[in-house]
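Here's the structure, in structure tokens; my notes come after.
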Amino acid sequence: MTQITFIEPSGQEVTVDIKDGWSLMQGATSGGVDGIVAECGGSCACATCHCYVDEARLAELPVPSDAELAMLENVAAERRPNSRLSCQIKAMPSLAGLRVALPETQE
Ligand code: FES
């Protein structure tokens with residue numbers, strides 16, 4: 001299990017223990033975190049699981065695939081250098097304590 005802290009659009013912080021190998025999107029949605037829609041269910045086809053990863057730890061994450069980069073063009077909220085799709089990031093021990101903010105809108 002990897003502990004990830006999500007910052008909901010309201011500013012409320014929710015910490016979730018996510019099974020290693022699960023995506024951050026799966027962990028957040030099953031943990032009741034507000035701010036992710038995940039319309040496509042995690043197949044990198046909707047961009048409604050947009051999140052902002054803690055910039056200081058961005059380099060620790062696997063680089064986004066071409067498909068993720070293409071889908072990031074379609075996010076509803078402002079795209080930032082630390083924008084990622086939460087369905088494309090797998091929980092793993094090295095990411096323990098990661099802070100992930102969710103945008104004000106996903107659609
Ligand atoms: S859930 Fe659709 S792109 Fe992540």
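The values are calculated or read from the model by the stated rules, or taken from the named source; none is laboratory data. Note that this is a predicted model, so its numbers are computed, not measured. Please note: Cβ atoms are built from the backbone with ideal geometry, for glycine as well, and neighbour counts cover all protein chains shown.
Kindly list the number of the only condition in (1) of a type outside the set (K, R); (2) within 16 Å of the ligand (Cβ to nearest atom); (3) assigned to a loop (DSSP other than H, G, I, E, B) that fails for E73.
The single condition E73 does not satisfy is (3).
Touching a residue at least 40 places away in the same chain (Cβ under 8 Å), at positive phi and touching a strand residue (DSSP E or B) at 6+ places or on another chain (Cβ under 7 Å) - does that describe any residue in the range 18-27?
yes
Just to be sure I understand, how many residues within the range 18-35 are outside any helix (DSSP H, G or I) and in contact with a Cys (Cβ under 6 Å, 6 or more places away or on another chain)?
1
If I ask for residues that are free of Cβ contacts under 8 Å to residues at least 60 places away in the same chain and in a helix (DSSP H, G or I), which ones from the range 76-102 would you list?
Selection gives S94 alone.
Test each condition in (1) touching a residue at least 40 places away in the same chain (Cβ under 8 Å); (2) within 20 Å of G11 (Cα to Cα); (3) out of contact with any Ser or Thr (no Cβ under 9 Å at 6 or more places or on another chain); (4) not acidic (D, E) for S43 and report the one that comes out false.
(2)
Of these, T5, T29, T105, T15, which one is buried (at least 18 other Cβ atoms within 10 Å of the Cβ) and among the polar types (S, T, N, Q)?
Only one candidate passes the filter, namely T29.
Just a yes or no: is a residue in the range 1-22 within 16 Å of the ligand (Cβ to nearest atom), of a type in the set (S, T, N, Q) and either under 12 Å from the mean Cα position of the chain (by Cα) or modelled with pLDDT under 95 (or both)?
No, the range 1-22 contains no residue that is within 16 Å of the ligand (Cβ to nearest atom), of a type in the set (S, T, N, Q) and either under 12 Å from the mean Cα position of the chain (by Cα) or modelled with pLDDT under 95 (or both).
Filtering the range 41-70 down to residues that are away from the ligand (no atom under 12 Å from the Cβ) and assigned to a loop (DSSP other than H, G, I, E, B), which residue is surrounded by the fewest Cβ atoms within 10 Å (Cβ to Cβ)?
V63
Being in a helix (DSSP H, G or I) and at pLDDT 95 or above is the requirement here; does A38 meet it?
no
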